[in-house]
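The structure under discussion appears below in the form of structure tokens.
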Amino acid sequence: MNLWLRLIWVWLTTLYRPSIEAPFGVSIVRLIVLPNDLDVNLHMNNGRYLTVMDLGRFDLFARGGLLRAIRGAGWTPLLSAAKIRYRRELRLWRPFRIESRVVFWEDTSFVIEQRIIARDKDGADIVAAISLNRGRVYNPAARRFIPASELFRRMGIDAPSPPASEEVRAFLDADAALQRAG
């Protein structure tokens, strides 16, 4: 239930927060570790990191205008691959933030980087987890994936993709190899 409450909270706050400049803006969503986020080790469950990152992507899409363009056309955003690297644990009641940004796109794929960041006892940022997510936009009526250029044109944006970092290229290559393998 807390995820639905968190989603409603994120959705309501998007109405009162400034827009994000698509496609290069950064979304920041602030949360705390709740009791039902914990696993048997009494820190945030590894699967919960990915789940709360959904909220960061929702905020990025909503405040960046992507959600309006996608839903207005009857399209559906889909997550087709994710890679996550856990770096630090998050314990109960620990505040953290999710930073989400689009780092690359090509053809029908978008790569979104997300970071879960907390503060140490001295107030310095520490990265608890980093993920790369491959997303696509699907048109169920036409049964096809939408090219990034078509989505951006619908939004009135004409921007080239940033170059793919070595990590992004390796992520996309690994995903492509898994798709070929079946």
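Just so it is clear, none of the values below were taken in a lab; they were calculated from the coordinates. Because the structure is predicted, anything quoted here is derived from the model rather than measured. Positions of Cβ are generated from backbone atoms using ideal geometry, with glycine treated the same way; all protein chains shown enter the neighbour counts.
In terms of surrounding Cβ atoms within a 10 Å radius of their Cβ, V103, V10 rank from fewest to most as V103, V10. Only Lys, Arg, Asp and Glu carry charge here, each on its Cβ (+1 for the first two, -1 for the last two); on that basis the chain has a dipole of about 420 debye about its Cα centre. For the chain, a Kirkwood radius taken over Cα pairs fed into Stokes-Einstein (4 °C, viscosity 1.567 mPa s) yields D = 75 µm²/s.
For segment 41-102, the equivalent ellipsoid derived from the Cα gyration tensor has semi-axes of 28, 13, 9 Å, listed largest first. Highest mobility in the GNM of the chain, judged by mean-square fluctuation with C-alpha springs under 10 Å and restricted to A62, A129, A170, is found for A170. Over segment 1-86, the fraction of Cα-Cα pairs per 5 Å bin, rounded to whole percents and listed from the shortest bin up, is 3, 12, 22, 21, 20, 13, 6, 3, 0. Averaged over residues, the count of other Cβ atoms within 10 Å places the peptides 22-28, 33-39 in the sequence 22-28, 33-39, highest first.
The Rg/Rh ratio for segment 95-179 is 1.08, where Rg is the radius of gyration of the alpha carbons and Rh is the Kirkwood radius. Nearest 10 degrees is fine. How inclined is helix 2-14 to the longest principal axis of the chain, computing both from alpha carbons? That helix lies at roughly 60 degrees to the long axis.
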